[in-house]
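I have placed the structure first, in the form of structure tokens, so that the comments after it can refer back to it.
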Amino acid sequence: MHIGNRIKEVMREKHVSAIAVAKIINCERTNIYNIYARKDISTKLLEQFCVILNHDFFKELSKDLNLKKSK
């Protein structure tokens, strides 16, 4: 799973803007756009996105990992 793309998708689904997230985590809007391009991010940053978006990305990553193991 490309986590940056997934974060972007969830933000779009929940109608949460990059500006809103940037304000919450105290960074520039361009940093959020850079996160969209990342294949991986720190667990601490991912936890922040989970809380902000009320979405369990860790569960999705775990499911993705289990699917890869079963192949």
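Values in this text are rule-based calculations from the coordinates and carry no lab data. The structure displayed is predicted, hence computed values, not measured ones. Cβ placement follows ideal geometry from the backbone for every residue including glycine, while neighbour counts extend to all protein chains displayed.
First select every other residue whose beta carbon is under 10 angstrom from the beta carbon of LEU61; then total the charges, Lys and Arg +1, Asp and Glu -1.
Spelling it out: positives minus negatives among the neighbours equals -1.
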Next on the checklist: Expected output is a single nm value to one decimal: the length gained when fully extending between ASP56 and ILE24, i.e. 0.36 nm times separation in residues minus the C-alpha distance. What is it?
Outcome noted: 9.7 nm
Checklist entry - What number of lysine-lysine pairs in the chain show an alpha-carbon separation below 20 angstrom, given a sequence spacing of 8 or more or placement on distinct chains? => result 18
Checklist entry - For the range 47-59, what does the Karplus curve 6.51 cos²θ - 1.76 cosθ + 1.60, with θ = phi - 60°, yield as ³J(HN,Hα) per residue in whole Hz, taken in order and with x for Gly and Pro? => result 4, 4, 5, 4, 5, 4, 9, 6, 9, 8, 5, 4, 5
Checklist entry - Taking 1 over the mean of 1/r across every pair of different Cα atoms in the chain, what Kirkwood radius in Å do you get? => result 12.5
